[in-house]
Ligand code: DX5
Ligand code: ZN
């Protein structure tokens, strides 16, 4: 069954605890936290203090998506505040091997994210070192964008490569996921759907989750 992570990017930030409790009611697998630095992406969001506070009010595993340059400087901090999965961008790392092992050493599952147009060829040599590959299905930076269909090819390659090489990384998609695009991605071998505005803005969140799980 496909797992679901709810991105809090578009949630009511002045009532974040309430939002977390509402997400708990929906019985999802992860809370997806988008960390942006205003350099790697043209937007600024959450830092480690918010992650620490979220950790205090929930047991849902935290899937922390670092859209920042020099992620190596912050791995220890995000690990210490309770990240369960810690995902860095291929495009933001000079020494990716070291960053991935740093994440593991600090007790988190290492994830590797790529932008929509990044070729899988360039990340193949890291795929035996990660617990998760996050395929961005919009340009990173903002919630509420439209799913980019060309990314489906990467999902198929990731899925095929995983079975050919007997690897077990999870495949996650992030950006523009709703009941329709989520189904397409699940059929292409995706394990985790990161969902923001489709869930957060739904009039009936339970129904939105049921639609995603269908
Ligand atoms: C975009 C973020 C996504 C975003 C998804 O850079 O990584 O996690 O919150 O939001 P929706 O589902 O609205 O595209
Ligand atoms: Zn994200």
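Please treat every number below as a calculation from the coordinates, not as lab data. Not measured: the values here are computed from a predicted model. As a convention, Cβ positions derive from the backbone with ideal geometry for all residues, glycine included, and neighbour counts pool all protein chains shown.
Using only the alpha carbons of the range 115-175, determine the length spanned along each of the three principal axes and report them from longest to shortest in whole angstroms.
Projected onto the principal axes, the Cα atoms of the range 115-175 cover 35, 19, 17 Å.
Starting from the Cα of residue 94, step 7 Å toward the Cβ, then list every residue of the range 50-67 with an amide N under 19 Å from that point.
It comes to 67, nothing else.
Using 7 Å Cα-to-Cβ label points, what is the residue 153/residue 56 separation (nm, one decimal)?
Inter-label distance under the simple model: 4.8 nm.
Round to a whole angstrom and tell me the spacing of the C-alpha centers of the range 149-214 and the range 66-99.
Each part's Cα centre sits 23 Å from the other's.
Under Stokes-Einstein, with the Kirkwood radius over Cα pairs standing in for Rh, what whole-number D in µm²/s applies to the range 67-213 at 20 °C and 1.002 mPa s? Walk me through the intermediate numbers first.
On the way: Rh = 15.8 Å.
Estimated diffusion coefficient is 136 µm²/s.
Got a sec? How would 29, 12 order by Cβ neighbour count within 10 Å, fewest to most?
12, 29
With 10 angstrom as the radius, rank 70, 65, 39, 89 by how many other C-beta atoms surround their C-beta, starting from the fewest.
Working: 70 15, 65 28, 39 12, 89 24.
Placing the least packed residue first, the sequence is 39, 70, 89, 65.
Using 0.36 nm per residue of separation minus the Cα-Cα distance, give me the extension gain between residue 77 and residue 167 in nm, one decimal. Numbers along the way, then the final one.
On the way: separation 90, 0.36 × 90 = 32.40 nm, distance 2.88 nm.
Gain on extension, residue 77 to residue 167, equals 29.5 nm.
Under the definition of Cα pairs under 8 Å and six or more residues apart, what whole-number percent is the relative contact order of the range 1-211?
On the way: 416 pairs, mean separation 40.6, N = 211.
Worked out over the range 1-211, it gives 19 percent.
Return 199, 30 ranked ascending by Cβ neighbour count within 10 Å, so the fewest neighbours appear first.
30, 199
With each pseudo-label sitting 7 Å past Cα toward Cβ, what's the residue 84-residue 206 distance in nm, one decimal?
Spacing of the two 7 Å Cα→Cβ label points: 2.3 nm.
GNM, the chain, Cα, under 10 Å: largest mean-square fluctuation among 153, 139, 121?
For the chain, modelled as a Gaussian network with Cα springs under 10 Å, the answer is 121.
Given contacts defined as C-alpha pairs under 8 Å and at least six residues apart, what's the relative contact order of the range 110-214, whole-number percent?
Values: 168 pairs, mean separation 26.2, N = 105.
Contact order relative to length: 25 percent.
Test of understanding: what is the full-extension gain from residue 160 to residue 104, defined as 0.36 nm times their sequence separation minus their Cα-Cα distance? Display every interim value, and only then the final one.
Working: separation 56, 0.36 × 56 = 20.16 nm, distance 2.52 nm.
So the chain would gain 17.6 nm between residue 160 and residue 104.
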